[in-house]
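Working notes for the structure below.
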Amino acid sequence: MSLHPSLSWELIDTVFYRSRPCYESLNWPFDNFNLKDYMVSIGPFASIYALYPKSAVVNLQLTDVNDCITVLNGSGMEIFRINWNFTLNQIVKVGFTRDSKLIMVLKTGICRLYYNYQGDFNEYDLKLGTIKDARFSLNGDFAVQTHSNKFAYIPNIQDPSPVIFQQLETEDVEPYHITTWTFTASKGPSETAATHGEFQDSVRFFIFTTTGISILTSTSTEPILLNHAFLQSVHLVSISPNQNFTALYAANSIYILDGEFNDLLIQHENVSNVSDLRWCSNDVVVYTCNNSLNVLGPTLETLKFYTSGTPYLHAEIDGLYYLTNDGLNFFSRVPNITEETFKIGSSSPSSVLLDSIEYLDRRSPKANDLLEVIMDDLVLAVDGCIRAASEEFDVYWQKNLLRAAAFGKVNLDLYDSTEFVQTCNYLRILNIIRAPDKGIFMTYNQLQEFGIEKLIDVLLLRQLHYLCLKICDFLDLPNFKIMTDWASCKLKYSTNSSDHELLSLIVTKLEKEKIDWTSLSYVAHNEGRTTLAKNFLTYEPSTSKKVRFLLDVGDGNYDELEYALTISDEDSDADSILLILLQLHGTLTNVEFFKIINDKPSAIGVLKSYFYQFDDTMLENFMFQDDDIIGQILLENNMAKKTVLMNRSKYTQFLQSPTNNFNKVEQVQLDLRNTFANIVAGEPIIKTLEKIIVVDLKKAQNVASKLNVTSRQFAMCVLQTLAPIAAKHPELYDFANSKHGKVLKFETYFRELLKRGEKRQAGLYLKSCKDMASREKIKAYVQCGMWKEAVQEAAYRKDTDILTQMRDSRTGWESKLASEELQRLA
């Protein structure tokens, strides 16, 4: 019989906490292993670790260091290794995405994302220069500090567009004076689009220096709270998940402050050699010292757990994992329902219902007597036992609690069993993945937050296809993703099998399954099995997917395009036919083009229906050759109508190639294709200009002049093209101040950038906005986060009313600044 759960509880103030073993022994794949000799990164749910020797980092200057990075599961079993030259590629930090993919940040500014556990990776350049330090959040987004003392936030590694934050400009603050730093993001990258504007108000950097603390946003640097001496020697910082509290370690003390650093709530003194500091949910602070884990409560009460070596911490939504040489443990608050159910002497409904099971096993009538006692609260009792079962790691207590819930449920009419069924299903899955060979020790709350589908993605990374299939069958979920991944793995790693053998094996297994055959064609093509790739296409029911594959891999190959057109013509897929004809148009002569569509009636129909928009001359030649007199008459009539309509609107003349200048425009576009491969002959002029502006602004000016685009139309095109691209903002600013850009007012540039959320850039134009009303300009400065400039503008205009409003609406240095200007004006 398992020990009673309450025996492991510890009391802090009036709240119980407990530390429970996940794996009491770990299967380290090393001889004479000691965690203190390794750099350790812990992934989501402590289900994956990355380890590499500290000696490889320490000895970089002494020799050419070659070693490996070892990736392990939660129980210490090896998943894969990465051979690494630590001298040539110095590692700043190793972390993980939320779905357990390895991220490596290198000193050179390169990031690697290992998208599987076979060593395959994608590499991204952050374009930030040399990286000094990095921090990862629970969601897998991360932030970096460069050697030039800039900070940047990367919301999504797969689309690495860093949001660069303002550089610390105080003379006394240099990179080596920064003692520590951290960042917060109120939204995860999966919940919002990864655009600069989206994160400006949600991400903040907290920079602790030898002169105090600074808070960085994307638009400003705000120095605050320089009056607390301990803020000048902070070495560790942790912000609570709800961002309402901050824990600091400085000068051998731990300080707890509110989230805005206004009030000091707790000071815990005489604490030395603290190596890590984390919040356990929003309840207590956990810190590690030599061979111990320490818990600090809200009234300075503490708990101490002695460990084998200094533990490594990893916080999750409902608790905190800590890893030692000997095992992995989970520390958390005891939920109220668990306390009510298991507390010695408890008379809560769930506790009484659990007791009734013991009498039921003895076939004692007292089981029914206990049931009668709680009959009025039986629903609460059943719900309590179900929720208490979800919190337990021990299978014995899970079963007892669920049996108690089932016993009580039988005596209820119209009880909704949804939660009971889900808890049973999830606990069964959790108990399987918690096994040492799987090494994923998730809690029930973590699984609910993470989701079954994402869990399946994590299991697929470990190629546990059979387990994934069983989970899908058990929960009645679709399994096409699993089948597709299994087939992809077969194609990648069955190097000794022939194309015929692989095709036969995969088709036999999956012919009746709804899988994406085109994705298998891509995998086969990438593995160099082009014949097998085409064979898979015969099983793909979607013509558009077939055509897309053939266009992607064909690289303009005539035979591939003709084959794609034949498939589309047989299925009468008009969209696919039009896509292929556009691809062929401009690469073939008219004779070759007419020949390829000659025996394809659907293709001819699409050509006649749509091509008057792209090349009416070629279409007229085709109809003449085909003796289509009626078609020629309709085409001429349509062209006449289009000419009349276009002549009515100058804007339409700009957007669409005018009929009378079509040949000239097309010739210019064909000439440009030698330099700009993405330009399509016959496309609207504005599209052509947008593509050139991004690459070469001067070239775009020349092209605009050739195509008779007015200077105002061109300037507007430049603004709308460059405004969304952060890297092009300096070029846009230079253009706005040039004679070509000044045809637009600076107010136009300001409003366009502000509309796109680029507050910092928009603010650069305000000084030049001469036609903007005084109060409107003040408001604009405030919108851009430029409070000092807003106050100066109000003072320059001697607007004491607005200065008074500004003073009263803010606190701290902002209010003081407005107050000083008011006193000066008085």
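Read-outs throughout are calculated quantities, based only on the coordinates presented, and are distinct from any laboratory measurement. Worth saying up front: this structure is predicted, and the values here are computed from it rather than measured. FYI the Cβ positions are ideal-geometry reconstructions off the backbone, even for glycines, and counts take in every protein chain you see.
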- Length gained, Thr538-Lys816, 0.36 nm per residue minus C-alpha separation, equals 92.7 nm
- Net charge dipole size for the stretch 341-474 [Lys, Arg +1 and Asp, Glu -1 on Cβ; Debye, nearest 20]: 560
- What is the log10 of I(q)/I(0) for the stretch 685-814, computed with the Debye formula using one identical point scatterer on each Cα and no solvent, at q = 0.14, 0.18, 0.19, 0.21 Å⁻¹? -0.66, -0.91, -0.98, -1.13
- Message: Please compute, for the alpha-carbon atoms of the stretch 264-394, the extent along each of the three principal axes and give them in descending order in Å.
- Response: 59, 36, 23
- Task: Please list the non-local residues whose amide H lies under 5 Å from the amide H of Thr130, H modeled 1.01 Å from N, same-chain partners needing a gap of 5 or more.
- Result: His147
- Where the only charges are on Cβ atoms (+1 Lys, Arg; -1 Asp, Glu), what is the dipole of the chain about its Cα centre, to the nearest 20 debye? 2160
- Within the chain, longest stretch clear of exposed GluC sites (Glu not before Pro) (DSSP loop, no more than 15 other Cβ within 10 Å): 514-826
- Query: Put a dot 7 Å past each Cα toward the Cβ at Arg548 and Glu513; how far apart are the dots in nm?
  - Reply: 2.1
- Task: Evaluate E = 1/(1 + (r/R0)^6) for Asn244 and Lys470, where r is the Cβ-Cβ distance and R0 equals 35 Å; express this FRET efficiency to the nearest 0.05.
- Result: 0.25
- Would you compute, from DSSP H runs of 4+ residues alone, the mean residue ellipticity of the chain at 222 nm, taking -39500 (n - 2.57) per run and dividing by the full residue count, rounded to the nearest 500? -13000 deg cm²/dmol
- For the chain, with +1 on Lys and Arg beta carbons and -1 on Asp and Glu, the positive-most of Leu380, Leu510, Ala780 along the dipole: Ala780
- Any chance you could give the angle, 0 to 90 degrees and rounded to 10, that helix 800-809 forms with the longest Cα principal axis of the chain? 40
- Theoretical FRET efficiency, 1/(1+(r/R0)^6), r = Cβ-Cβ of Lys745 and Leu138, R0 60 Å, to 0.05: 0.85
- Task: Could you calculate the contour length gain from Thr87 to Ser768, that is, 0.36 nm times the residue separation minus the distance between their Cα atoms, to one decimal place in nm?
- Result: 240.2 nm
- Message: Compute the helix-to-body angle for 452-461: its Cα long axis versus the longest principal axis of the chain, expressed 0 to 90° and rounded to tens.
- Response: 80
- In cubic angstrom per residue, the convex hull of the stretch 400-525 built on its Cα atoms measures 139
- Task: Of the options Tyr426, Val105, Leu588, report the single residue whose Cα projects farthest towards the positive end of the charge dipole of the chain (beta-carbon charges: Lys, Arg +1; Asp, Glu -1).
- Result: Leu588
- Could you state the angle between the C-alpha long axis of helix 543-554 and the longest principal axis of the C-alpha atoms of the chain, as a value from 0 to 90 degrees rounded to the nearest 10? 80
- Query: Taking the alpha-carbon centroid of each part, what is the distance from the stretch 289-334 to the stretch 491-544 in angstrom?
  - Reply: 50
- Gain upon complete extension [Arg775, Lys304; 0.36 nm per residue less C-alpha separation]: 163.6 nm
- Item | Separation of the Asp159 and Asn368 label points, Cα + 7 Å toward Cβ, nm | 6.5
- Cα-projected label distance for Asn702 with Asp31, points at 7 Å along beta-carbon direction, nm: 6.9
- Farthest towards the positive end of the dipole of the chain, among Thr338, Thr87, Leu461 and with Cβ unit charges of +1 on Lys and Arg and -1 on Asp and Glu, lies the Cα of Thr87
- Query: Using every alpha carbon pair in the stretch 341-384, what percent of pairs falls into each 5 Å bin from 0 up to the bin containing the largest distance?
  - Reply: 6, 28, 31, 24, 12
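If r is the Cβ-Cβ distance from Asn411 to Ile432 and R0 is 45 Å, what FRET efficiency results, to the nearest 0.05?
0.90
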- Identify the residues of the stretch 276-294 with backbone N under 17 Å of a label point that sits 7 angstrom from the Cα of Val57 along the Cα-to-Cβ direction, or state none. 276-277
- Rank the residues Leu467, Leu216, Leu138 as a footprinting-exposure proxy: fewest other Cβ atoms within 10 Å of their Cβ go first. Leu138, Leu467, Leu216
- Query: Which of the trypsin sites (Lys or Arg not before Pro) found in the stretch 769-815 are loop residues per DSSP with 11 or fewer other Cβ atoms within 10 Å of their Cβ?
  - Reply: Lys770, Lys798
- Answer check: the stretch 773-825, Cα atoms, Kirkwood Rh, Rg/Rh ratio of 0.91
- Could you give the dipole magnitude of the stretch 773-825 about its Cα centre, charging the beta-carbon of Lys and Arg +1 and that of Asp and Glu -1, in debye to the nearest 20? 40
- Item | Identified option (computed log10 I(q)/I(0) by the Debye sum over Cα atoms at q = 0.06, 0.09 Å⁻¹; candidates (1) -0.47, -1.07; (2) -0.66, -1.10; (3) -0.59, -1.15) | (3)
- Query: In percent, what relative contact order does the chain have, based on Cα pairs under 8 Å that are 6 or more apart in sequence?
  - Reply: 7
